[in-house]
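Chemist: Once you've had a glance at the structure underneath, I'll fire off some questions.
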Amino acid sequence: MKVFPKTWGVCAADTVCSEIVDCLNKTAPIVEHDTGYRMIRTTNVRHGRVDVSDNRFVEEAVFNKWTRRARPKRGEIILSREAPLGEVGLLRSDAKVFLGQRTMLYRADPKKLDQHYLYYQMVGPYVQAVIHGQGQGSTVAHLRVPDAETLPIPVAPLLAQQNIAAI
């Protein structure tokens with residue numbers, strides 16, 4: 001049974017994204033006051049959004065260290081790899097944020113993939129089924145980084161992607 005139109009393909013995320021960045025896999029030292037530098041935790045990624053109203057804060061030097069691989073920007077996608085598994089959120093803010101533990105950032109390669117189309121595919125049933133099917137762990141399900149990097153993404157022709165994303 002064919003799931004997608006014959007003009008579509010299914011590609012590993014790392015072949016259609018310009019960047020996929022994992023968190024540093026340790027906890028950043030936080031401060032008790034608002035510095036403007038916010039940590040995105042898995043609890044901030046819910047219902048297709050990244051909540052930047054309830055964050056922990058760090059000093060500027062910590063922010064710079066934690067964002068040396070990539071600084072999340074408006075329109076980029078954050079995935080929680082654990083607790084809960086598979087939550088996907090679109091960053092809709094210009095806040096200075098960085099990835100906390102068990103989160104990953106996805107940045108589409110604009111020559112191959114529309115960023116909003118990627119978001120819709122990642123929250124859609126096909127990719128979500130793969131994420132939950134690959135989840136491992138006896139106590140808390142988690143997605144391994146290599147599996148998150150190679151998630152199968154249904155890829156339509158670019159013009160079709162842009163039309164789908166625009167709806």
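The values are calculated or read from the model by the stated rules, or taken from the named source; none is laboratory data. This is a predicted model, so every value here is computed, not measured. Cβ placement follows ideal geometry from the backbone for every residue including glycine, while neighbour counts extend to all protein chains displayed. Protein only, heavy atoms only, side chains kept; ligands, DNA and RNA dropped before computing areas. Shrake-Rupley method; radii C 1.70, N 1.55, O 1.52, S 1.80 Å.
Chemist: Is the range 96-154 rounded, prolate or oblate when judged by the Cα gyration tensor, a ≥ b ≥ c being the square roots of its eigenvalues, rounded requiring a/c under 1.5 and prolate requiring a/b larger than b/c? Spell out each step's value before the answer.
Modeler: Values: a/c = 2.25, a/b = 1.34, b/c = 1.68.
In terms of gyration-tensor shape, oblate.
Chemist: Let me ask you something else. What accessible area per residue comes out for the range 89-153, rounded to a whole number of Å², with a 1.4 Å probe? Can you show the working numbers first?
Modeler: Working: 2890 Å² over 65 residues.
Here the per-residue accessible area is 44 Å².
Chemist: So what's the back-of-envelope 222 nm ellipticity for the chain, counting only DSSP H runs of four-plus at -39500 (n - 2.57) apiece and dividing by all residues, rounded to 500?
Modeler: Numbers: 6 runs with 44 residues, N = 167.
After summing the helix terms and dividing by residue count, I get -7000 deg cm²/dmol.
Chemist: Right, here's the next one. Which value, in Å² rounded to 10, gives the accessible area of Thr43 with a 1.4 Å probe and all protein chains present?
Modeler: Surface open to solvent at Thr43 totals about 80 Å².
Chemist: Could you grab the relative contact order for the chain? Cα pairs under 8 Å, six or more apart, rounded to a whole percent. List each step's numbers first, then the result.
Modeler: Values: 336 pairs, mean separation 50.1, N = 167.
After rounding, I find 30 percent.
Chemist: Straight distance only, please: which aspartates and glutamates reach the Cα of Lys96 with their own Cα at less than 12 Å, same-chain residues fewer than 8 apart left out?
Modeler: Partners within reach: Asp34, Glu59, Glu60.
Chemist: Related question: Select from His47, His142, His116 the residue whose mean-square fluctuation is largest in a Gaussian network model of the chain (Cα-Cα springs shorter than 10 Å).
Modeler: Comparing His47, His142, His116 in the GNM, the peak value goes to His47.
Chemist: Given just the C-alpha atoms of the chain, how large is their convex hull per residue in cubic angstrom?
Modeler: Values: hull volume 19.4 nm³, N = 167.
Each residue corresponds to 116 Å³ of Cα convex hull volume.
Chemist: Let's see if you can work this out: charge +1 on each Lys and Arg Cβ, -1 on each Asp and Glu Cβ, no other charges. What is the dipole magnitude of the chain about its Cα centre, in debye to the nearest 20?
Modeler: Numbers: 22 positive and 17 negative charges, 47 e Å.
Roughly 220 debye, rounded to the nearest 20.
Chemist: Let me ask something additional. Could you let me know the centre-to-centre spacing of the range 1-78 and the range 90-164, using Cα atoms, in angstrom?
Modeler: Computed from Cα coordinates, the inter-centre distance equals 10 Å.
Chemist: Ok, one more. Give the lysines whose C-alpha is closer than 27 Å to that of Lys2, dropping any in the same chain fewer than 8 places away, or say none.
Modeler: Lys111, Lys112
Chemist: How about the range 46-91: which trypsin sites (Lys or Arg not before Pro) there are in a DSSP loop, with at most 12 other Cβ atoms within 10 Å of their Cβ?
Modeler: On the way: sites: Arg46, Arg49, Arg56, Lys65, Arg68, Arg69, Lys73, Arg74, Arg81; in loops: Arg68, Arg69, Lys73, Arg74, Arg81.
When the trypsin sites (Lys or Arg not before Pro) of the range 46-91 are filtered for loop state and at most 12 Cβ neighbours within 10 Å, Arg68, Lys73, Arg74 remain.
Chemist: If I compute solvent accessible area with a 1.4 Å probe over the protein chains, what percent of it on the range 1-42 is carbon and sulfur? If you can, show how the numbers build up before the last one.
Modeler: On the way: 1380 of 2530 Å².
In the range 1-42, the share of accessible area belonging to carbon and sulfur is 54 percent.
Chemist: Okay, moving on. With springs only between Cα atoms under 10 Å, which of Ser18, Ser138, Ser93 fluctuates most in a Gaussian network model of the chain?
Modeler: Answer for the Gaussian network model of the chain: Ser138.
Chemist: Tell me whether the range 37-94 comes out rounded, prolate or oblate; compute the Cα gyration tensor, take square roots of the eigenvalues as a ≥ b ≥ c, and use a/c under 1.5 as the rounded threshold. Don't jump to the answer; show the numbers that get you there.
Modeler: Details: a/c = 1.70, a/b = 1.58, b/c = 1.08.
Prolate shape, in that a/c is at least 1.5 and a/b is the bigger ratio.
Chemist: With springs only between Cα atoms under 10 Å, which of Gln136, Gln128, Gln115 fluctuates most in a Gaussian network model of the chain?
Modeler: Among Gln136, Gln128, Gln115, the largest mean-square fluctuation in the Gaussian network model of the chain belongs to Gln136.
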